[in-house]
């Protein structure tokens, strides 16, 4: 009898102790997916629309133009020189090297550049997204009305008519910028080119020789570009690539009565939009409902990104940018500090004091592949780039080796008050955010990405990719 | 039932009473000592860290009050970020309820909070 009771007592005690080990029953703190669900609701997040990869005639014309150095004055630089597939559509350099450079990507060096390009090459992902309201680090190309395709650009009223979108408007500017693709009066093409491209005068640059200010002669330069490509100028009608480009043009624009620079810009923009659209990232998969698409660290990073890190205040929307302008206390490149020619950023466009030293928020999709970072590429790793946001004042009152301040007083004062308030993120939390940023990268293979690169271009010139 | 019958079943009754008393003692031990102990062991650290996160989120709400000269859209985004940051307060409440319902005393929770706050000083 006693044995029987002991047995029951033991069972009772065992149940008590076992339940003690789980004192909460079913109640648990909010799960990580629960928090992410809340984020999705609060921020209204949804996967980015996946643009179909569709090769049209317009795409083929745009592809040829994008990779063909024929568009550059000295026949040595194409759009792809600074927007390389191998470098996440950027170029791996802190400051881009257009004309006068040699080599590819991060190994490209300036051989005979008259002046340095002042900014880091921006990536080209998702530039057709409706959120994209400005181009360049200082936003000097802006949409003023997306309904009527009105743009504000440095060309003012001189902007060619018939541009399809902001990307098309933007694509005209490297063509008329001397240190990007245009080159300088008196330049000739390399003697190492194929015979038809050897030692040829840079007729584009000659168009602005009298004033020395290329943008004042944009119209003449555009005409010159059309003449070289399509042979509109009778002198060059016999060039071998004319027929190829004409055929590409007629297929792309069967209704067009005459060729204009807007057709070129629109084709380039179309190629960029189709070729460099983000298709499928782990983050988009997660938003589409696949909860296993993200690792627990990435999920933690997303929670920090949208919450405590407050990254989403500026890096908002599907492309992770508000396309607005902020100063985060990035130090200038050495040459600027030494020459006291600080980069005033947006101020150069608007003239408003509040815009001094502000730069456009960069979108973050594929950011993991577009090092170095910031408007002048002064930060090599994404970890350091994120960390800089946590310690934006770290360069204040510090000296450059030249004896000048790394940040002058105005630059220090311009830093966004949101950052100056201080973010409390430790290194482990930054690593989680990096994991999240990695989940924004293209999910597809290099091979798939490389299908945007043509085997050759109509001019027969060599090109980088 | 006669007196004799009672005397016959007395040993059995003793055993039942002993069992009941032991059960009550064990239950009391479980409720008063074991359950709070294990609950604290499991949640004290989480509670402390949620407390800090929540307090810091509440502090950050002042950012909205001061506005910082942000644009309307940035302020809207900041409001959303702070809402997410303040999830830690909901979580803290949840864990607090778990601990209190497990029998942890209020003063023990205060000790955890103070410990955490002192740790970051």
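Each value in this text was obtained by applying a stated rule to the coordinates, not by laboratory testing. Computed from a prediction, not measured in an experiment: that's the story for all the values here. Reconstructed Cβ throughout: ideal geometry from the backbone, glycine too, with neighbour counts over all protein chains shown.
Worth a mention:
- Between residue A:148 and residue A:109, the simple spin-label model (points 7 angstrom out along Cα→Cβ) gives 5.3 nm.
- In degrees, nearest ten, helix A:427-438 long axis to first principal axis of chain A (Cα): 60
- Taking label positions 7 Å along the Cα-Cβ direction at both residue A:431 and residue B:25, the computed distance is 5.1 nm, reported to one decimal.
- Pairs of Cα atoms farther than 33 Å apart, the protein assembly as shown, %: 54
- Share of pairwise Cα separations in segment A:44-191, more than 23 Å, in percent: 42
- Folded to 0 to 90 degrees: helix A:218-230 orientation relative to chain A principal axis, Cα: 80
- In range of the label at residue B:66: residues from segment A:330-344 whose backbone nitrogen is under 18 Å from the point 7 Å along Cα→Cβ: none
- Extent along principal axes [Cα atoms of segment A:238-359; Å; largest to smallest]: 62, 51, 26
- Computed from the C-beta positions of residue B:105 and residue B:5 and an R0 of 60 Å, the FRET efficiency is 0.80 to the nearest 0.05.
- Across segment A:301-398, the volume of the C-alpha convex hull divided among the residues equals 117 Å³ per residue.
- Taking the longest Cα principal axis of chain A as reference, the axis of helix A:2-21 is set at about 30 degrees.
- Ordered by the number of other Cβ atoms lying within 10 Å of each residue's own Cβ, fewest first, B:89, A:314 fall into the sequence B:89, A:314.
- Residues of segment A:265-298 with amide N under 11 Å of the 7 Å Cα→Cβ point at residue A:196: none
- Inter-centroid distance (Cα atoms) of segment A:179-222 relative to segment B:17-96, Å: 67
- Rounded to 0.05, the FRET efficiency of the residue A:456 and residue A:401 pair, given R0 = 56 Å and the Cβ-Cβ distance, is 0.75.
- Across chain A, C-alpha contacts under 8 Å between residues 6 or more apart give a mean separation that, scaled by the residue count, equals a relative contact order of 22 percent.
- Rh (Kirkwood; distinct C-alpha pairs) - segment B:1-100, Å: 18.3
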